[in-house]
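Student: Quick one: the structure is below, and I'll ask about it shortly.
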Amino acid sequence: MQKRWIIHVDLNNFFAAVECLHNPSIRKYPVAVCGETELRHGVVVAKNPLAKQRGVKTGHSVNEAKAICPELVTVPQNMDLYYQFSQWAREIYMEYADLVESYGLDEVWADISNITSNEHDARMIADEIREKIREQLGLTCSIGVSFNKTYSKLASDIYKIDATHVIPRENYKAMAWGLPVENLLGVGTRTAKIFHVMGMTTIGDIAKAPVDLFEDIFGKNGRTLHRYAHGDETSPVKHRDYIEPPKSVGNTETTYRDMVSIEDVRCVIHALSESVASRLREQHYKCRTIQLYIRENDLKSCQRQATLEKPTYIAGTIAEKAIDIFMKKYKFTKPLRSIGVKACNLVPEGIGIIQMDLFDDTKKEEKQEKLAKTMDKLRSMFGYDIVQRGIVLADRKLTYIPPNYNRSGYRVGSPFIEA
């Protein structure tokens, strides 16, 4: 069996690095890329090393960041530019491999097993890719080399700035098991806290513990984390042309002012549902479950969900179910800062999984679907805002949903990001 060599490339400080590259005048200052402050998305989403040294962190509000670092230069996100640089970097990776799998705009796995047979060659290839990224794009990157995806990402995280690091199968335990649990793929802040409560602080602690212990606490994800720690993860790197089928399609919006009435909530839910339904039709899926995310103005949040009688990609049906969830499953006692609508449990359009009963108004549904597709054609010709529901026009600033990007800032439909 051929030995696998997987690399993980992480473009260093990607958003901020691209901004500094395109605006040389700000390079000598601490720089933070931030969301839209006028729409209350003004949080730090990326920063350069100088800002990091001054204590600026991702997730800080702009005010918090400037209080910590008064000389901080803030710039708005330019997703089109970042997307273009991500594509250019991907073209470099594809010079070496057909198996290239993106993990966000700034990270990627590539399987180089077919062009290398040993650690020395794998490192040489990684260094060559780093040099091309620097020379052709003006960016730096960190590359991890290992025998699977989990440990190659771990290797790229050890030395974050412009470096290649190899974790070979022969001594991965000695190199990785002493690292903090937070370094393991799949271990977020909450999971790490649970591990610490359990007295587990290193990756080795996870690997040495019985797997049943983790299954009791984390369910099937516990078994996955145990395998990751053990180095047993063998998932293949996907082909460069592979597009992941969406598991869900959703949109969350932080409104420019708090939502203080049921009417505010209805308006925003309809706007979100229109965006979600449009994306479902674009990708030829219908949904069977609607999930509603709610965030209060004190930043406490919750989510609720309910199942539809039959799959749909009609905005009105999605909105009605989301509003029904809100009215039945949430006690509206505080102003709301954010609302999200997500379509889950997707099925391909046209698959007849529902048995229509005698009382189904199929003609009405067919008319709704025909009307929705006509709206899609008009929007493709004249822009997303050419057709809007009357309910969203009462306060257009409140209900405006950017049509081209999801709330994470990535272009909808991008081959790099799961919808």
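Student: What relative contact order, as a whole-number percentage, does the chain give when Cα pairs under 8 Å and 6 or more residues apart are counted? Mind showing how you got there, number by number?
Tutor: Details: 711 pairs, mean separation 60.2, N = 419.
Reported relative contact order: 14 percent.
Student: While we're here: Exposure proxy check: R123, R190, R304 ranked by fewest other beta carbons within 10 Å?
Tutor: Details: R123 18, R190 8, R304 15.
With the fewest neighbours first, R123, R190, R304 line up as R190, R304, R123.
Student: In terms of modelled amide H atoms, which long-range or inter-chain residues lie less than 5 Å from the amide H of T164?
Tutor: I143
Student: Using θ = phi - 60° and the Karplus curve 6.51 cos²θ - 1.76 cosθ + 1.60, what whole-Hz ³J(HN,Hα) does each residue of segment 210-221 get, with Gly and Pro shown as x?
Tutor: Values per residue, Gly and Pro as x: x, 5, 4, 4, 6, 5, 5, 8, 10, x, 5, 5 Hz.
Student: Can you tell me the orientation of helix 79-93 relative to the chain, as the angle in degrees between its alpha-carbon axis and the longest Cα principal axis, to the nearest 10?
Tutor: Helix 79-93 and the main axis of the chain meet at about 40 degrees.
Student: Amide H to amide H, which residues 5 or more places from K286 or on other chains are under 5 Å from it, using H placed in the peptide plane?
Tutor: For K286, the qualifying residues are V347, E349.
Student: Report the paramagnetic label zone for S61: residues of segment 269-312 whose backbone N is under 18 Å from a point 7 Å from Cα along the Cα-to-Cβ axis.
Tutor: Answer for this model: 295-301.
Student: So what is the calculated 222 nm ellipticity per residue for the chain, using -39500 (n - 2.57) for each DSSP H run with n of 4 or more, over all residues, to the nearest 500 deg cm²/dmol?
Tutor: Numbers: 15 runs with 160 residues, N = 419.
Calculated from helices alone, the mean residue ellipticity at 222 nm is -11500 deg cm²/dmol.
Student: Here's something else I'd like to know. Net charge near K3: determine it from the other residues with C-beta under 13 Å of the C-beta of K3, scoring Lys and Arg +1 and Asp and Glu -1. Please list the in-between numbers first.
Tutor: Details: positive: R4, R169; negative: D111, E119, D121, E170.
Local net charge: -2.
Student: Over the C-alpha atoms of segment 1-168, what are the Rg and the largest Cα-to-Cα span, Dmax, in Å?
Tutor: Gyration radius and largest Cα-Cα distance of segment 1-168: 17.2, 57 Å.
Student: Taking other Cβ within 10 Å of each residue's Cβ, how do L371, L292 sort, fewest first?
Tutor: Working: L371 13, L292 25.
In order of increasing Cβ crowding within 10 Å: L371, L292.
Student: Quick one: Karplus J couplings for segment 100-109, per residue in order, coefficients 6.51, -1.76, 1.60, θ = phi - 60°, nearest Hz, x for Gly and Pro?
Tutor: Those phi angles translate into 9, 10, 7, 10, x, 6, 10, 10, 7, 9 Hz.
Student: For S146, S61, what's the fewest-to-most ordering of other Cβ within 10 Å of each Cβ? Could you put the intermediate results ahead of the total?
Tutor: Values: S146 28, S61 15.
Result, fewest neighbours first: S61, S146.
Student: Report D for segment 177-243 in µm² per second (integer): Stokes-Einstein, Kirkwood Rh on Cα pairs, 25 °C, 0.890 mPa s. Kindly include the intermediate steps, with their values, before the conclusion.
Tutor: On the way: Rh = 12.5 Å.
Diffusion coefficient, whole number: 197 µm²/s.
Student: For helix 315-329, what angle does its Cα long axis make with the longest principal axis of the chain, in degrees from 0 to 90 and rounded to 10?
Tutor: 90 degrees
Student: Given (1) 76, 44, 42; (2) 67, 54, 47; (3) 69, 50, 39, which label gives Cα extents along the principal axes in Å as computed from the coordinates?
Tutor: (2)
Student: Net charge within 15 Å of F218 by Cβ-Cβ distance, Lys/Arg positive one each and Asp/Glu negative one each, not counting F218 itself?
Tutor: Details: positive: R190, K193, K220, R223, R227; negative: D205, D212, E215, D216.
Charge balance in the 15 Å sphere: +1.
Student: Here's something else I'd like to know. Can you list the HN-Hα couplings for segment 344-350, worked out from phi with the Karplus curve (6.51, -1.76, 1.60; θ = phi - 60°), rounded to whole Hz and with x for Gly and Pro?
Tutor: 10, 6, 7, 9, x, 4, x
Student: Excluding N345 itself, calculate the net charge of residues whose Cβ lies under 10 Å from the Cβ of N345, where each Lys or Arg counts +1 and each Asp or Glu counts -1. Please list the in-between numbers first.
Tutor: Values: positive: K247, K286, R288; negative: none.
Neighbour charge sum, excluding N345 itself: +3.
Just so you know, all these numbers are worked out from the coordinates, no wet-lab data involved. Keep in mind that this is a model prediction, so the values were computed, not measured. Positions of Cβ are generated from backbone atoms using ideal geometry, with glycine treated the same way; all protein chains shown enter the neighbour counts.
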